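Take a look at the structure below.
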Amino acid sequence: MHEQCAFEVQYLGLPELAGRAESWWDDVLGVAHFSASPAGRSFGSVPVAEVLISPLGDAAGVCEVWRTPGPMRSGRVGAVHYRAGRHLLFGCVTVPEIAAPHRNGGDVPSPLRRATTQAYAGIFSVLDSLGYPHLMRVWNYLSDITADTAEGERYWQFNSARQLSFRARNRPVADNVPAASALGTRSGNPLVIYFLASPGAAKPIENPRQVSAFDYPARYGPHSPTFSRATLLDQHLGCPLLVSGTASIVGHETVHTDDVVAQTRESLTNISLVIDEANRVVGHRQYAPESLAYKVYVRHSGDLAAVTAEVHRAVGHAALVTYLQADVCRRDLLVEIEATGAGADRQRA
Ligand code: 3EB
């Protein structure tokens, strides 16, 4: 790993992890395992987020492995499992949705609101108690994300509880907010969140062609989503860039309903504009589309070939791309794409 790089990410199958020597794990910060069934095993003190969505293609599972230079400390605070090096903390938390006991007269929050509030309270406690106050990137996976309820869509409930959790800790809910992704899993699954945080502030990046998510109008729910389009860390940390889940949205509206190829192209155009904006902020051409690692979430597995062709057309064959099947948070979105990288002067993220 490059001395100056705050982190690297790699994608491996579960069997490839099983045989590693103990020393291989020394600079592993955390793992996100994407599969329809949990890995069902642990790797010493390394936190493993069990995200119950399947890769598309041949593999039954894929592990996203985050590395940072050691030494590390790890542990648990409440339900949050964490591991941290000098510049970065990785954490994960799984919270089942459980109905609140009934209270006389009072409003009872829905199970999803309770789970979201509990997860974020745990995350903020870890950040504040361990000295990594800046939440840089969050991945949120919740079941039945677009299902309707008496309180509106489940994603709206999640957004309300997320924003209120930030407010409860006196954290900003606009401008200086983490990058994020929010995807749907199957019915009955718990809420799973994993995240990266740093001791120093990350720079938030917005897309000039999209309304910032924290400024979305009320027709997308009573509390706007709390995320920025990307965040990046300082030059002395190797300028890692974390691009949020990005979809076929221009302004605040979905474009190309029912056209997965055009949605993929539009999402990648949005990512390239976020990259341009990140280059403008760092003051030189640090990032290029072909040097990032991508995760592509596809709603309908039958769309994989069409999406893959479009991704290759836009970012070439050299870019590292992982395809996963998941629901996207608006019913008319067929694809969401996120990206990670450290820039053109380094081979790996
Ligand atoms: C969008 O741009 C598409 O709620 O954390 C992308 C990334 C999306 C993150 C989130 C939602 C989130 O609005 C959806």
Farthest towards the positive end of the dipole of the chain, among Gly251, His223, Ser125 and with Cβ unit charges of +1 on Lys and Arg and -1 on Asp and Glu, lies the Cα of Ser125
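Tell me, what is the FRET efficiency for Arg103 and Ala218 to the nearest 0.05, using R0 = 35 angstrom and their Cβ-Cβ distance as r?
0.75
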Taking Asp148, Asp327 and counting other beta carbon atoms within 10 angstrom, the fewest-first order is Asp148, Asp327
For the stretch 25-35, in residue order, the Karplus 3J(HN,Hα) values (coefficients 6.51, -1.76, 1.60; θ = phi - 60°; whole Hz; Gly and Pro = x) are 7, 3, 9, 7, 7, x, 10, 10, 9, 9, 6
Neighbour-count ranking for Cys63, Cys239 (other C-beta within 10 angstrom, fewest to most) reads Cys63, Cys239
Distance in Å, no decimals, from the C-alpha centre of the stretch 196-240 to the one of the stretch 268-292 is 14 Å
For the chain (alpha-carbon point model, no solvent) the Debye-based log₁₀ I(q)/I(0) at q = 0.08, 0.09, 0.14 Å⁻¹ works out to -0.34, -0.44, -1.17
With Cα springs under 10 Å, the Gaussian network model of the chain assigns the largest mean-square fluctuation among Gly302, Gly30, Gly44 to Gly44
Only helices counted: for the chain, with every DSSP H run of 4 or more residues adding -39500 (n - 2.57) and the sum spread over all residues, [θ] at 222 nm is -7000 deg cm²/dmol
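Grab the Cα-Cα distance for Ala18 and Arg86, subtract it from 0.36 nm times how many residues apart they are, and report the gain in nm with one decimal.
Residue separation times 0.36 nm, minus the Cα-Cα distance, leaves 21.8 nm.
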Output row, site Ser129, 7 Å Cα→C-beta label point, backbone N cut-off 13 Å, window the stretch 158-189, residues none
Once Glu290 and Ala262 are pulled to full extension, the length gained, defined as 0.36 nm per residue separation minus their Cα-Cα distance, is 8.1 nm
Given 171-184, 68-81, the highest-first ranking by average Cβ count within 10 Å works out to 171-184, 68-81
One finds the C-alpha centres of the stretch 55-113 and the stretch 248-263 to be spaced, in Å, by 30 Å
With +1 on the Cβ of every Lys and Arg and -1 on the Cβ of every Asp and Glu, the dipole magnitude of the stretch 8-341 about its Cα centre, in debye rounded to the nearest 20, is 860 debye
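Among Leu130, Leu142, rank each residue by its count of other Cβ atoms within 10 Å, from fewest to most, as a rough exposure measure.
Details: Leu130 17, Leu142 26.
The order, fewest Cβ neighbours first, is Leu130, Leu142.
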Once both label points are put 7 Å beyond Cα along the C-beta direction, the Arg41-Ala121 separation in nm becomes 3.6 nm
With the charge dipole of the chain built from beta-carbon charges (+1 for Lys and Arg, -1 for Asp and Glu) about the Cα centre, the Cα from Ala213, Ser291, Val328 projecting farthest to the positive end belongs to Ala213
Under a Gaussian network model of the chain whose springs join Cα atoms within less than 10 Å, the largest fluctuation of His134, His252, His284 belongs to His284
Computed about the Cα centre, the charge dipole of the stretch 249-349 from +1 Lys/Arg and -1 Asp/Glu charges at the Cβ has a magnitude in debye, to the nearest 20, of 360 debye
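Values in this text are rule-based calculations from the coordinates and carry no lab data. Remember, predicted model here, so these are calculated numbers, not experimental data. All Cβ positions, even for glycine, are placed from backbone atoms using ideal geometry, and neighbour counts span all protein chains on display.
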